[in-house]
1. Among DSSP beta bridges lying fully in chain B, give the percent that are antiparallel, nearest 5.
2. Give me the log10 of I(q) over I(0) for the protein assembly as shown at q = 0.04 Å⁻¹, as the Debye formula computes it from C-alpha points; what are the numbers?
3. Show the residues, 5+ positions off or on another chain, whose built amide H is closer than 5 Å to the amide H of residue B:305.
4. Summing -39500 (n - 2.57) over the DSSP H runs of n ≥ 4 in the protein assembly as shown and dividing by its residue number, what mean residue ellipticity at 222 nm do you reach, to the nearest 500 deg cm²/dmol?
5. Multiplying the sequence separation of residue C:245 and residue C:59 by 0.36 nm and subtracting their Cα-Cα distance, what value in nm do you get?
6. Would you order B:242, C:217 from fewest to most other beta-carbon atoms within 10 Å of each residue's own beta-carbon?
7. List the residues whose amide H sits under 5 Å from the amide H of residue A:438, counting only those 5 or more places along or on another chain, with H placed 1.01 Å from N in the peptide plane.
8. Using the count of nearby Cβ atoms within 10 Å as a rough guide to exposure, how do B:411, B:190, A:331 rank from fewest to most?
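Just so it is clear, none of the values below were taken in a lab; they were calculated from the coordinates. These figures come from a predicted structure and were not determined experimentally. Neighbour counts are summed over all protein chains in view; Cβ atoms, including those assigned to glycine, are modelled from backbone coordinates with ideal geometry.
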Amino acid sequence: MPAVTQTREAVEKLGQSTYKWGFETDIEMDMAPKGLNEDIIRLISSRKEEPEWMLEWRLAAYKTWQAMTEPKWAKVGYPPIDYQDAHYYAAPLKKPGPKSLDEVDPELLRTYEKLGIPLHEQAMLAGVEVPEGERMPVAVDAVFDSVSVATTFRKTLEEAGVIFCPISEAVKEHPDLVRKYLGTVVPAGDNFFSALNSAVFTDGSFVYVPKGVRCPMELSTYFRINAKNTGQFERTLIVVEEGASVSYLEGCTAPMRDENQLHAAVVELVAMDDASIKYSTVQNWYPGDEDGRGGIYNFVTKRGICRGARSKISWTQVETGSAITWKYPSCILQGEGSVGEFYSVAVTNNRQQADTGTKMIHLGRNTRSTIIAKTISAGRSDSTYRGLVRVQPKASGARNFTQCDSLLIGDQCGAHTVPYIESRNMNARIEHEATTSKISEDQLFYCRQRGLSEEDAVGLIVNGFCRDVLKELPMEFAVEAQKLLQISLEGSVG
Amino acid sequence: MNALSKDMSGPLALFANRLNTPTGAERQSAAGALARTGLPDRKVEAWRYTALRALGKQDYAAPPEQVDASTVRALLDGVLQAHPAMAALPRVVFVNGRHAPAFSALPDDVDLSFFAHEPQFGLQAAPDRDPLVALNTVLAEDGLVLRVPAGVDAGHVMLISLGVAGAEPLSFHPRHTVVVEKDAHLRLICVQAGQGTYFHNPVMDIRVEDGATLEHVTLQTEGAQAISLGTLYAHVGHQSVYDSFVLGLGGLLVRHEVHAHLAATRGEVHVNGAQRLAGQQVGDITSVITHAASDCTSRQTVRNVLDGHARGVFQGKVLVERIAQKTDGYQMNQALLLSPDAEIDAKPELEIYADDVRCSHGATVGALDDEQLFYLRSRGIPEHEARQILIDAFLDEAVALVVDATAQTFCRSVLAARFAGKGEPS
Amino acid sequence: MSQFLEISGLCAQIDADGQEKQILRGVDLSIPPGEVHVIMGPNGSGKSTLSYVLAGREDYEVTAGTATFHGQNLLAMEPEERAAAGLFLAFQSPIELPGVNNANFLRTAVNAVRRARGLEELDAVAFLKMAREAAKALSMAPDMLKRNVNVGFSGGEKKRNEVLQMTLLQPTFAILDETDSGLDVDALRIVAEGVNRLRAPTFSALVITHHQKLLDYLVPDRIHVMARGRIILSGGPELARQIDQEGYTKFLAEVA
């Protein structure tokens, strides 16, 4: 069956050699020595000019971390990580003067260009005013390694009362807010990686949307790992007050590299009464080569709490990169009638391993959650959906719907589905469905009879398979994500 | 080889005085495994929903030699009288894990022997991976060793396991082996019942050879204070069928764990089940279905009805190995919660390494459908009765999957006798 | 070119549950340009298999015979190459493509075929205009372009969608595999008109059908009767009417 073989070959190439974003930027770095100890944490804290309470918080987290062990339950395997063999602080050297966009290193702007950051966003970064158009402007808080180097649209946001800044800045400028919420959704000791992050996080974003404000633009942050052997430990905190809303976009690519790089981010979301948070991610970090050398280890803790009644948190993710993904964006549905959503596409190829999913914890009455997860495995990769739906005794009227579909491309990969369903309320309703199959020969033949090449046919069918998730992405990202899936399949049929 | 008794903690300590001196390679190796792992706690993934705390704090004694015959007779009659056809079927009766010839009516068309005479541990059990199998391996005294010769249709055989204990806890660990040879056919009905505080820890090793069929129904009506943790291995050959169904009604803590291994092409397994629990009961239906050959089919439908403070557990893993192309796997677990304090924990799991497969699973949890209830009541049926009709119908869809008409009727009769006209079980 | 589609001694089999099953047992058929031919025959005679083999479905193994199209060896071509060369198959059961937008699918197909034929690709606006007009001509609801390919379409909608695709892809040779089944009289006429609009000296069609009704609108040039994997009888349009009235039995008996 040549078609099958070709398809397999096609998709086995997914990602490999087509990784377009493998390059390094030559920028002078300020780097801490390798290793992790209290002195390094003190160094990070002092470089960040943090108040004493922040340092104490970090040190406490470090103590907790020391007593913990790496989790082993996920279906991923990797050589032991030497946590002492990494740099925990690296910052591009800033030129003196105000932090205006003109001051941004031109090399960095070229990096954004190669990264494919849309032109208008580059223009924003370059400080060019964007004419008022029909499209909603996007604010970019670009994280380069560990330090935010540029923030745009600050002013518009300030006028609306929205705070959008690097978290290191928020620690200094808005200490009350940060202190009030930091670690309340993901406590430092929640898990091994969150503890590590709490001890050594260097930067990330802080968003605060005050009562009744609809954030006037989509907030977007591009993460990127650059320097050799630097772990990346972003910390993001988003607090949305009563009746307010925000849409936050996060995307990342990383340069080609041989050594594995550790990434352990923590994202915390807090939604009050009638608030809504939409958090979208396109993750395309370096997945390693065909033999699984190199690639990012992506151990992320993302969690949101719907504290208020009728609040809503929606996670959308398109995960195509990283050698290892360990990630479960979750919702704690506390407020009555609150809503949690998780939409996910995970593509793995070659030797990639992904163990990703969500947790929906129903605490309040009439809370609702939806989970749509699409998994595509190719090459010699393994991909697991792991999800928990838990309904607690007080969550009468809770509803959950879960749909997990896996597509296998080639006979050397694996696709796994591991849902945990726990209900302690007789008036809750949970529905879970999962399917696993390969691309249908009928569909392939139908498309090819209409003149599509096998490669285009596979691309089309895969995009169709992911439609329910892709349509949840904001416009800016939907196009990018679709392209990403297509690029992944590009050059695949010989 | 006395390491065990020295370093024993947790529930394993309850068996300490009986674990001291295992003889034979299998038992010694199992004892070694037990000493390393102990009995599982909830940190062990396979036991995350079922705690062995229920084993309590009192030591488990070996069963006494003498058991009161009238008690046994009463329990046996309870089983056989559930349906008129049952008394006529050949049966092998075990009392506290030991064969009780006086109560048995042995079948003709099969080769029959007993573990007590010729111990057989089988090839499938994995004491190093499953501590309860290890415990059984160390302590097994007796068990059925049944072989249906090639090409023979052996009809029905009942395997009745009765537990008879007083207030002092006792435990028994029977080791059964069932082989259905090439192109043979067996309908096996296992019934577990009893009274008093006992721990039943059976292991059954099943081989269904090429072209053979085993229809296997297990009726779980252990005594109200009983703990029953059974493990069953089924090796399924080329074009053979292992069709199983478990009906869980009794016991305080009951786990029915099935490992079905589709070892050759075109095999078929059904691992169906239903449980109806109330009070403080915990019922755990766990299965691992391994597709290790191409063109095999597996089907699983499990239904749970949970009342009172009962907790139902369903763990169902379907593993499709790389070689198992053209696998067709389907799994459905559904739960009905009848009380605010009832709980269901479900973990259906697909682990798939072959691409040309069709696998799916589904799970639903909910209460009785208000609209259906209203519909029935609008036709004049009192609410209580309407609920009963819907609950019965929900369970019956699983019972209807039992192919063997006798076994199916038996299950229905037992359900009817236990629950007829009652919102709550007796 | 002498004959534009030339099939000779074509044999094909399928692997059914490990058993090789012979379905085509030596089909001879030639269709000149500009003609509409019809294949009739009882169920299981191999009509759909013939259409799949011509379109390049890989489950079928060609064991003997040849098929040339515009003088090219059709059997050596990939399915999409056959499509680009001008062969179109209207499926008996059109395939559903969940999540794939119909308009997007059509444009991707049209542009793939145009590219292969050395024509310029159509931009979204030009394509949509063309697609809307074609859809309107087939009395299709405007939202059918927005829906997912064949997903949730009624039987009639699916068949019309096939004819829409055919209209847009502009084949020189179309195989219509029971495109009339499941259509009411009005839909049948609309579909037939769609085919008739394509009729030209350079366009031929092979129509598989059980019913005379479609042929009232299409007016075929030749009728072939297929049975047990071969063409057993050929004749003019009157043959179809005869079969419609008398059934196949008589013809099969004659041949046997």
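1. On the way: 7 of 136 bridges.
Percentage antiparallel, nearest 5: 5.
2. So the normalised log intensities are -0.28.
3. Amide H neighbours of residue B:305: B:275, B:276, B:277, B:336.
4. Values: 29 runs with 299 residues, N = 1176.
Helix contribution divided over all residues of the protein assembly as shown: -7500 deg cm²/dmol.
5. Value of the extension gain: 63.4 nm.
6. Numbers: B:242 28, C:217 15.
In increasing order of surrounding Cβ atoms, one gets C:217, B:242.
7. Answer set, sorted by chain and number: A:408, B:357.
8. Numbers: B:411 28, B:190 24, A:331 31.
Least to most surrounded, the residues fall as B:190, B:411, A:331.
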